[in-house]
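Okay, so here's the structure we're looking at.
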Amino acid sequence: MKNFINIGDIDKKDLRNIIENAKSQKKNKSQLSKSSIDSNTLLKDKTLIMIFEKPSTRTRLSFELAMKQLGGSVLILNPKESHYGSGGESIHDTAKVLSQYGDIVMMRTNKHKDFLKFSKHLDIPIINGLTNLSHPCQIMSDIMTFEELKGPILNKKIAWLGDANNIVYSLIEAATKFNFELSIASPKKLKPNKKIIEWAKKKKAKIILTKNPKIAAESADCIMTDKWISMGDKVNKKKKKKLLKPYQVNNKIMKLAKPEAIFLHCLPANRGEEVTDDVMDGKQSVVWLEALNRIYVQKSIIQWCLK
């Protein structure tokens with residue numbers, strides 16, 4: 001049984017195969033509607049159970065469309081409407097019940113440790129749709145998007161500006177697997193966790209940490225960012241925004257990157273904060289393609305887990 005929890009846990013060859021399979025499936029889908037079922041219906045009679053502790057637009061829609069295109073079905077579980085971790089039923093028992101009803105689980109939750117606890121009791125594969133620690137599906141979509149437009153990501157420079165959040169954690173892991181240079185600009189109080197940086201250095205990853213956003217953006221092939229205040233952040237919002245104001249992605253920052261550089265954002269975006277309208281809607285922005293590619297990456301991840 002194969003789970004898709006963290007990029008760092010998965011073999012390089014498997015990650016590359018997931019990306020290439022996603023590209024292939026998108027190509028095969030080019031002449032068909034998004035809602036049409038694939039001709040080979042690879043997952044006919046398979047059921048994906050999705051658990052959402054945190055709200056979602058792209059994760060829910062992309063996974064639902066992915067499973068539909070593969071010929072399978074989807075069940076959605078809202079913790080407020082179920083016994084997941086409450087109502088007198090243990091996480092262990094809920095996991096065992098779900099294992100009887102479905103073939104694979106996708107979970108989008110708050111605490112990574114709770115995700116791991118739940119996964120240990122499942123008898124079917126689980127996919128990490130997002131936790132407070134990591135967001136691996138998003139980064140796989142980002143890599144697919146980059147390569148679709150720019151060719152192999154190997155040795156390319158990816159710049160991150162802003163808070164070193166769960167996206168950054170998965171991005172650091174990806175840098176060790178896909179061998180690209182990652183330049184992270186963030187304030188000292190919001191820099192990446194020491195443990196993930198030490199782990200990446202042992203893997204000989206090309207990670208650059210700086211407080212200067214201009215250094216990170218200089219000659220980059222791609223610039224990435226995310227909302228300054230993440231969903232459920234229990235912080236002083238005013239102070240955090242003030243800290244991150246110098247890390248806004250605007251035209252001045254984009255001009256420091258290579259002329260053909262692209263802009264990525266996992267969405268949703270707070271326009272006028274971490275990114276300006278002229279960048280978000282500009283020629284270098286590929287955020288809508290990035291969102292679309294979630295469908296094909298998720299299709300590929302589901303198939304990998306069920307092989």
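The values are calculated or read from the model by the stated rules, or taken from the named source; none is laboratory data. Fair warning: this is a prediction, and the values are worked out from it, not measured in the lab. Methodologically, a virtual Cβ is constructed for each residue, glycine included, from the backbone with ideal geometry; neighbour enumeration extends over all protein chains shown. Only protein heavy atoms, including side chains, enter the accessible area calculation; ligands, DNA and RNA are left aside. Shrake-Rupley method; radii C 1.70, N 1.55, O 1.52, S 1.80 Å.
Tabulated results
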read-out	value
Heavy atoms of Lys156 accessible to a 1.4 Å probe, total area in Å² rounded to 10	60 Å²
The stretch 1-130 shape via C-alpha gyration tensor axes, a/c threshold 1.5	prolate
Nitroxide proxy distance, nm - points 7 Å out along Cα→Cβ at Leu209 and Lys245	2.6 nm
Tail weight of P(r) past 19 Å, computed on alpha-carbon pairs of the stretch 99-252, percent	58 percent
Most mobile of Lys177, Lys194, Lys214 in a GNM of the chain (Cα contacts under 10 Å)	Lys194
Per-pair calculated FRET efficiency, R0 = 25 Å: Ser56 and Asn28 via Cβ, rounded to 0.05	0.40
Percent of C-alpha pairs per 10 Å bin, the chain, short to long	6, 28, 34, 23, 8, 0
Residue among Lys26, Lys195, Lys240 with the largest mean-square fluctuation in a Gaussian network model of the chain, springs linking Cα atoms under 10 Å	Lys195
Cα gyration tensor, the stretch 17-58 - rounded (a/c under 1.5), prolate or oblate	prolate
Expected 222 nm ellipticity per residue - DSSP helices of 4 or more, -39500 (n - 2.57), all of the chain, to 500	-13000 deg cm²/dmol
Hits among aspartates and glutamates - C-alpha to C-alpha of Lys68 under 14 Å, sequence gap 8 or more where chains match	Asp38, Asp45
Residues Ile37 and Glu198, FRET efficiency given R0 of 30 Å [Cβ-Cβ distance, rounded to 0.05]	0.05
Apportionment of accessible area to carbon and sulfur, the chain, percent (1.4 Å)	51 percent
The stretch 210-307 shape via C-alpha gyration tensor axes, a/c threshold 1.5	oblate
Under the span-like rule (Cα at least 24 Å along the axis, Kyte-Doolittle mean at least -0.5), DSSP H helices of the chain	287-306
